[in-house]
1. Conditions: (1) within 24 Å of I239 (Cα to Cα); (2) out of contact with any Pro (no Cβ under 8 Å at 6 or more places or on another chain); (3) among the polar types (S, T, N, Q); (4) open to solvent by 40 Å² or more (accessible area, probe 1.4 Å). S271 meets all but one. Number of the miss?
2. Go through region 186-210 and report how many residues are open to solvent by 40 Å² or more (accessible area, probe 1.4 Å), in a loop (DSSP other than H, G, I, E, B) and free of Cβ contacts under 8 Å to residues at least 60 places away in the same chain.
3. (1) open to solvent by less than 30 Å² (accessible area, probe 1.4 Å); (2) β-branched (V, I, T); (3) over 30 Å from T125 (Cα atoms): which one isn't true of I113, the others all being true?
4. Can we say P213 is open to solvent by 70 Å² or more (accessible area, probe 1.4 Å) and part of a strand (DSSP E or B)?
5. Are there any pairs, at least 6 apart or on different chains, whose C-beta atoms fall under 8 Å, with the first in region 288-306 and under 24 Å from R266 (Cα atoms) and part of a loop (DSSP other than H, G, I, E, B) and the second of a type in the set (G, A, S) and open to solvent by less than 20 Å² (accessible area, probe 1.4 Å), and if so, which?
6. Considering only region 216-267, state which residues are open to solvent by 30 Å² or more (accessible area, probe 1.4 Å), more than 24 Å from I197 (Cβ to Cβ) and either at pLDDT 95 or above or under 14 Å from the mean Cα position of the chain (by Cα) (or both).
7. Among the residues in region 172-185, are any surrounded by fewer than 21 Cβ atoms within 10 Å (Cβ to Cβ) and at pLDDT below 95?
8. Got a sec? Which of G183, G226 is under 18 Å from L273 (Cα atoms), in contact with a helix residue (DSSP H, G or I) (Cβ under 9 Å, 6 or more places away or on another chain) and small (G, A, S)?
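The values are calculated or read from the model by the stated rules, or taken from the named source; none is laboratory data. Being a predicted model, the structure only gives us computed values, none of them experimental. Note: ideal-geometry Cβ built from the backbone for every residue, glycine included; neighbour counts use all protein chains shown. To get the accessible areas, we keep the full protein, side chains included, count just its heavy atoms, and leave off ligands, DNA and RNA. Shrake-Rupley method; radii C 1.70, N 1.55, O 1.52, S 1.80 Å.
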Amino acid sequence: MSNPKTLSIPYSRHFLEWLQEHQVSLGVTTYQTNRLCLIGVQPNGQIFTPFWEFDRPMGLYTTSERFYLATRYQIWRFENVLETGELLQDKYDRLYVPRIAYTTGDLDTHDLIADPQGNIIFANTEYSCVATLHPQHSFAPLWKPNFISKLAPEDRCHLNGLAAVNGVPRYVTAVSRSDVASGWRHRRGDGGVVIDIQTNDIIASGLSMPHSPRWYQGKLWLINSGTGDFGYIENGEFIPVTFCPGYGRGLAFVGDFAVVGLSKPRDYHFSGLLIGERLQQKEAEARCGILIINLKTGDIVEWLDMDTEATELYDVAILPQVRCPMSLGFKSGNISKLVTIG
């Protein structure tokens, strides 16, 4: 098997120790460079950062044995083909192979999950709804906000985030309550909302471009991207925990830690947001990379910078009980030569 391309990225002194201590690897998507990247630790203790090219990779949903990846017009399912305890080339403890692609058309799919029955459910941002796959059609809508009057390919409110509770979809984030084409772009500063999709109630409002809602340890966490804050919702209010030096998107948890993805703000979509002023006050520049945040203290304990490789990330995900993951892409001969028998 030929070696994949890897990223050359700086990281904090104990970042690799943190991965090893918590027995996890990371998955990262960056649509700006069309890359899916896995981040693990090799048996020799060195970082391993292989990447593969996909067309506009966005939402990433992971388990130790399988992950799903949303791209421009498809959703991919990758399966691990190694047996428990098996190492490929004495190095890789997982080998994820793209086995199934669902063709949806360009829905601007953002967050996605697989529910306990294995159904793929996703934020269909272009059509302002939560949707699932359909065997005949591009998608089947499951829910839309009450303020959206029509399913139309107009990205009216920028419904982007999807959180599950016990595997069942429960909360979404949207940048606004707009009901006109691209109306969210004029409400970026304080139009953001969190909606309970079981009750249709707006449980928090006044947010600035909220992203990546996640239910963890009995709280609904999210990133208030326009202000640069990571925090949680309590009694209808957003409680900030940590200021992040970048535009936050992508959130995962392990133990008492959060893993947050950062991007550099771009063009007019991000201009005029509070995060710009706050970075100026702190004499700091926006970064692209990953932060590890201690939930008990709010401190940033580890970091990884991707500034030399990308300017924007979309999602960050945990691969639990995985040390050094490997995958296959379509631009080498590996995928045609690897045959496994079930």
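1. Condition not satisfied by S271: (2).
2. Adding up the residues that qualify gives 5.
3. Evaluating I113 over (1) open to solvent by less than 30 Å² (accessible area, probe 1.4 Å); (2) β-branched (V, I, T); (3) over 30 Å from T125 (Cα atoms) leaves (3) as the failure.
4. On the way: open to solvent by 70 Å² or more (accessible area, probe 1.4 Å): no; part of a strand (DSSP E or B): yes.
In short, no.
5. Final answer for the pair search is C288/G246; C288/S263; C288/A310; M306/G289.
6. Matches in region 216-267: P240, V241, F243, G255, D256, F257.
7. Initial filter on region 172-185 (surrounded by fewer than 21 Cβ atoms within 10 Å (Cβ to Cβ)): 177, 179-183, 185.
Adding the requirement that they be at pLDDT below 95 leaves 185.
Taking every residue of region 172-185 in turn, at least one turns out to be surrounded by fewer than 21 Cβ atoms within 10 Å (Cβ to Cβ) and at pLDDT below 95.
8. Details: G183 fails: in contact with a helix residue (DSSP H, G or I) (Cβ under 9 Å, 6 or more places away or on another chain).
From the options G183, G226, the qualifying one is G226.
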